[in-house]
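The values are calculated or read from the model by the stated rules, or taken from the named source; none is laboratory data. Remember, it's a predicted structure, so these values are computed and weren't measured experimentally. Note: ideal-geometry Cβ built from the backbone for every residue, glycine included; neighbour counts use all protein chains shown. Keep in mind that these areas ignore ligands, DNA and RNA; they rest on the heavy atoms of the full protein, side chains included. Shrake-Rupley method; radii C 1.70, N 1.55, O 1.52, S 1.80 Å.
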Amino acid sequence: MIPMLLCQLPPALIVSSIQVVRSMQNTAFICFALLASLVCNAEEPLAFNRDIRPILSEYCFQCHGPDAQQRQGNLRLDQRDAAIAPADSGKTAILPNQSDHSELITRLVTSDADLHMPPASTGKQLTDIQIQRLRQWIDQGAPYEGHWAFIPPTRPNVPLTNLANTYPNPIDRFLLANLQSHGLDFAQKANKETLIRRLSLDLTGLPPTLEEIDAFLADNSADAYEKVVDRLLASPHSGEQRALPWLDLARYADSNGFQVDSSRQQWPWRDWLIDAFNQNVPFDQFTIEQIAGDMLPNATLQQKVASGFQRNHRLNGEGGIIAEEWRVETVIDRVETTGMTWMALTFNCCRCHDHKYDPISQREFYSLFAYFNNVAESGTLQGESRNTEPVLQVPTSSHRDEFTKLESQLTTATSALQSAEQNIDQELTPWETEFKKTIASQSPTWNILAPNAVSAKSGATLTKQPDGSYLASGPNPNDDIYEIIATSPEASISGILLECFPDPSLPQQSLGRYPNGNFVLTRLEIEVLPPSDPKNPDANKEATKLTGKISQVEADYSQKGWEIGNTISGNPGKGWAVDGPTRKEICRAMFLLDTPLQIQAGSQLTIRLVQQTLGQHNIGRFRLASTSLPKGTVAITGTQIPDSLKSILALPNSERSESQRNELLDYYKKNGSGPYQQAMQKVEQVKKQIADLQAKLPTVMVMQEMDKPRDAFILLRGEYDKRGDKVEPTLPKVLPPLRDGEPNNRLGLARWIADRNHPLTARVWVNRMWEKFMGNGLVKTTENFGSQAEWP
């Protein structure tokens, strides 16, 4: 297959580059064959592909071509057997060697408006020269040829072999032979300033620096030019420059399109593309990975990322759209984009009907569609999602460095935890003694707070109810903070209980102030401000303020996706919600502190209910209570120590069974506060950092085959819900079949496109690169190698 280097540099530009010449020796003859096989001479007999097909395609094929449904008079002019057979009128369009008796010529020159072709309604009219060319061709026997682009090129003999030393690049000898046939020679070689400017702009898109120009001018070595070429090809800007036209063909964008046009993360594929050019990845590998990298055996992460080429299509997030309609559009987009990118064929026409110019039927279009139809995607944006499944997380180099650092920390923390576990028996005995004392002395209930002041940042009214709860009314802004100031009933605070009540005055008679009855609590904050010091009344109490660190939360009910744990995750876009439209009963949540706050007499306890996640999702009616019980002994409904644990604690250590000792040990591990728990917290902390980093990794949309392929159908008029015949994955008959042994799936299709015997792929990309560097391609219609293409 053509190396990436050949696909990017025109041979005339790299005549003197040893590196490029060596890399081209076994493959560049594809391009040579294209040149030699397509050179024409006006003195020779007319050639169908060069002289006749363009005329018939432009003026006749729309009504007398491949599209059977639109064909008029049962006359088909793109195939010889049909063209020389009588049409429905009984007359024959083409009588070989008899142009005067051929109905085609008669219709072109008649003055009868009803018989004249093309009809006046088309607005098209052949010139006298075109008509004369058709006459000459018919009189020469009306020979047909298969379309030149569908015929594999053959290797020609290289001319001017006696000049091989002077012109080692064979393409130059083809060009020189053609010039000499017209009495011409090569233009004078450009000066060095011009050469380095052209090279720099063509290969990197950037002008040369003054230092680079001076260095090139001062280098009088025989390979000075080659060294500049090699330097520029080694520049990372080379890959960026060469990726630009590919990004256009791939319909790459940083947003999803349509009215919403929200942002997306597809740049990891773009970075893969640039790196592939800079790494000079062989073109067949480059092709296969983008079409079906996910299906390669033991596919690497980068090969899967490469398949993101097929996911650069638009995604629709507008209201009222139909998911299946837009899923079908994404598949059709892949067929059209793949056909245009690698084969320069306009498949767009075939979604609704047989192609009017090229021998590709609507059935064949949907047979290609079947190769791309087996990805579990919707084609529509879901909620706030920027990328749609299937996606891959792709770490950058900085992410990989951070993972390495965290994994090292995790190894250290895990080792410390193992050491703490070996010494845990030394912690267990004193903990058990204190634990028994605590249980015996503490009240088993939550203590309802009696606030000194309750206020809302928004100015909403919070009215005390008979049960000690507070009911909100008045303004209901997007964000609000309820602040409760109280005197603690206990000498320490280890947790806070929040109870939320339904109320008839609230929307849906539910628990929140949003129109559907829901609320979202972003977080709960706890502070203790010590009393003023009589000896120093001017002291700054803020300096000695205590802030409670919440380490454990629990709720008796949470809405799916809006769990109570969100209140301590640090994610401002999440919180605790309770399904307001359906929830009509009390909901409770408790917030336990990592370390109890010690309360001095006269201290001020402040609790804030922060509601900043979603607009107007504020709590409607609430009550607060506190506890001083140690973590592990308290539950939402009060003290909860398993009866089995009480029985174990009542037994002397010598009388406990192994299972009882293990139960006590497990309870201590979960609820104690010694070296073991500190080591465990460190392990969990690092694990959370790793999980958080993993969650923040950029994603890229990729291809991924479903376990069971979807059925594919011809879609009548191209409409997603008008199914015709079922079709199987099949290639167009006008092109070569799959090689024996290749799977008839997307991977097989990719290998078929990249096969060196495919008549289009190499031609298309040599032509595009020739256009990039020379201004015009060997074929001027770079985007179309079908029947409407210009002659090379």
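If you check ILE599 against the conditions, is it open to solvent by 20 Å² or more (accessible area, probe 1.4 Å), of a type in the set (Val, Ile, Thr) and more than 50 Å from the chain's Cα centre (by Cα)?
Criteria met by ILE599.
Cβ-Cβ below 8 Å, separation at least six or inter-chain, first residue in segment 332-343 and open to solvent by 10 Å² or more (accessible area, probe 1.4 Å), second acidic (Asp, Glu) and outside any helix (DSSP H, G or I): which pairs?
Cβ pairs passing all conditions: MET340/GLU783.
Assess whether GLU240 counts as being in contact (Cβ under 8 Å) with a residue 12 or more places away in the chain and outside any loop (DSSP other than H, G, I, E, B).
Yes: the conditions hold for GLU240.
Under 8 Å between Cβ atoms, which residue pairs at least 6 apart in sequence (or on different chains) link something in segment 114-142 that is more than 16 Å from ALA83 (Cβ to Cβ) with a partner that is among the small types (Gly, Ala, Ser)?
ALA120/ALA113; GLN136/SER99
Limited to segment 476-492, what total is found for residues that are surrounded by 14 or more Cβ atoms within 10 Å (Cβ to Cβ) and at pLDDT 90 or above?
The qualifying residues number 10.
Can you name the residue in segment 181-216 that is among the aliphatic types (A, V, I, L, M) and either in a helix (DSSP H, G or I) or in contact with a Phe, Trp or Tyr (Cβ under 6 Å, 6 or more places away or on another chain) (or both) and is also surrounded by the fewest Cβ atoms within 10 Å (Cβ to Cβ) among such residues?
Out of the qualifying residues, it is LEU210.
Please go through segment 561-596 and pick out each residue that is assigned to a strand (DSSP E or B) and either open to solvent by less than 40 Å² (accessible area, probe 1.4 Å) or at positive phi (or both).
TRP576, ALA577, CYS587, ALA589, MET590, PHE591, LEU592, LEU593
Those residues that are free of Cβ contacts under 8 Å to residues at least 12 places away in the same chain and over 19 Å from PHE773 (Cα atoms), I need them from segment 199-223; list them, please. First the steps, then the outcome.
Filtering segment 199-223 down to residues free of Cβ contacts under 8 Å to residues at least 12 places away in the same chain leaves 201, 207, 209-211, 214-215, 218-222.
Matches in segment 199-223: THR209, LEU210, GLU211, ASP214, ALA215, ALA218, ASP219, ASN220, SER221, ALA222.
Condition first: under 30 Å from ARG76 (Cα atoms), of a type outside the set (Val, Ile, Thr) and outside any helix (DSSP H, G or I). Can you find one or more residues in segment 315-326 that meet it?
Taking every residue of segment 315-326 in turn, none turns out to be under 30 Å from ARG76 (Cα atoms), of a type outside the set (Val, Ile, Thr) and outside any helix (DSSP H, G or I).
If you scan segment 756-782, which residues turn out to be closer than 24 Å to GLU364 by Cβ and open to solvent by 30 Å² or more (accessible area, probe 1.4 Å)?
Across segment 756-782, the qualifying residues are ARG756, ASN757.
Among the residues of segment 449-469, count how many are assigned to a strand (DSSP E or B), open to solvent by less than 20 Å² (accessible area, probe 1.4 Å) and of a type in the set (Ser, Thr, Tyr).
Selection size over segment 449-469: 0.
Kindly indicate whether any position in segment 771-788 is assigned to a helix (DSSP H, G or I), within 16 Å of ALA344 (Cα to Cα) and not charged (D, E, K, R).
No, the conditions are met nowhere in segment 771-788.
Confirm whether GLU407 is part of a helix (DSSP H, G or I), acidic (Asp, Glu), in contact (Cβ under 8 Å) with a residue 12 or more places away in the chain and surrounded by 15 or more Cβ atoms within 10 Å (Cβ to Cβ).
Criteria not met by GLU407.
Residue check: is GLU421 modelled with pLDDT of 85 or more, acidic (Asp, Glu), surrounded by fewer than 14 Cβ atoms within 10 Å (Cβ to Cβ) and within 51 Å of the chain's Cα centre (by Cα)?
No; evaluated as a whole, the condition is false for this residue.
How many of the residues making up segment 662-677 are exposed (fewer than 15 other Cβ atoms within 10 Å of the Cβ) and without any contact (Cβ under 8 Å) to a residue 24 or more places away in the chain?
Total meeting the criteria: 2.
Which residue out of GLN290, GLN285 is open to solvent by 10 Å² or more (accessible area, probe 1.4 Å) and part of a helix (DSSP H, G or I)?
Answer to the check: GLN285.
Condition (residue is buried (at least 18 other Cβ atoms within 10 Å of the Cβ) and not β-branched (Val, Ile, Thr)) applied to segment 646-658: is it met by at least one residue?
no
Specify which of the listed residues (LEU315, LEU301) is open to solvent by 10 Å² or more (accessible area, probe 1.4 Å) and among the aliphatic types (A, V, I, L, M).
LEU301
Quick check: is even one residue across segment 333-353 touching a Ser or Thr at 6+ places or on another chain (Cβ under 6 Å) and within 20 Å of LEU716 (Cβ to Cβ)?
no
I'm trying to understand the selection: among the residues of segment 59-79, which are touching a helix residue (DSSP H, G or I) at 6+ places or on another chain (Cβ under 9 Å) and surrounded by fewer than 17 Cβ atoms within 10 Å (Cβ to Cβ)?
Residues satisfying the conditions are GLN69, GLN70, GLN72, GLY73, ASN74.
Of LYS726, LYS682, LYS708, which residue is surrounded by fewer than 11 Cβ atoms within 10 Å (Cβ to Cβ) and at pLDDT 90 or above?
Testing whether each residue is surrounded by fewer than 11 Cβ atoms within 10 Å (Cβ to Cβ) and at pLDDT 90 or above leaves just LYS708.
Out of all the residues in segment 143-186, which are touching a Leu at 6+ places or on another chain (Cβ under 8 Å), closer than 30 Å to PRO66 by Cα and modelled with pLDDT of 90 or more?
TRP148, ALA149, PHE150
So GLY748 fits all but one of (1) free of Cβ contacts under 8 Å to residues at least 24 places away in the same chain; (2) closer than 19 Å to THR346 by Cα; (3) open to solvent by less than 20 Å² (accessible area, probe 1.4 Å); what number is the exception?
Unmet condition: (2).
Specify which of the listed residues (ARG314, ARG334) is among the basic types (Lys, Arg), in contact with a helix residue (DSSP H, G or I) (Cβ under 6 Å, 6 or more places away or on another chain) and closer than 29 Å to THR781 by Cα.
ARG334
Before we move on, is SER361 out of contact with any helix residue (DSSP H, G or I) (no Cβ under 6 Å at 6 or more places or on another chain), within 23 Å of PRO54 (Cβ to Cβ) and buried (at least 18 other Cβ atoms within 10 Å of the Cβ)?
So SER361 fits the description; yes.
What residue, among those in segment 751-792 that are of a type in the set (Phe, Trp, Tyr) and touching a residue at least 24 places away in the same chain (Cβ under 8 Å), is farthest from ASP284 (Cα to Cα)? Step through it out loud before you land on a result.
Restricting attention to segment 751-792, the residues satisfying the condition of being of a type in the set (Phe, Trp, Tyr) are 752, 765, 770, 773, 785, 791.
Still in the list and also touching a residue at least 24 places away in the same chain (Cβ under 8 Å): 765, 770, 773, 785, 791.
Details: TRP765: 12, TRP770: 19, PHE773: 22, PHE785: 20, TRP791: 27 Å.
Taking the candidates together, the pick is TRP791.
Mind checking which residues of segment 217-275 are out of contact with any Asp or Glu (no Cβ under 8 Å at 6 or more places or on another chain), surrounded by 19 or more Cβ atoms within 10 Å (Cβ to Cβ) and under 29 Å from GLY379 (Cα atoms)?
Result: ALA243, TRP246, ALA250, ASN256, PRO268, TRP269, ARG270, TRP272, LEU273.
Would you point out the residue of segment 513-538, among those that are assigned to a loop (DSSP other than H, G, I, E, B), open to solvent by less than 40 Å² (accessible area, probe 1.4 Å) and farther than 17 Å from GLU585 by Cα, that is modelled with the lowest pLDDT?
Top of the filtered list is PRO530.
What about ILE496, is it within 26 Å of GLY548 (Cβ to Cβ), touching a Lys or Arg at 6+ places or on another chain (Cβ under 7 Å) and not in a helix (DSSP H, G or I)?
It is false that ILE496 is within 26 Å of GLY548 (Cβ to Cβ), touching a Lys or Arg at 6+ places or on another chain (Cβ under 7 Å) and not in a helix (DSSP H, G or I).
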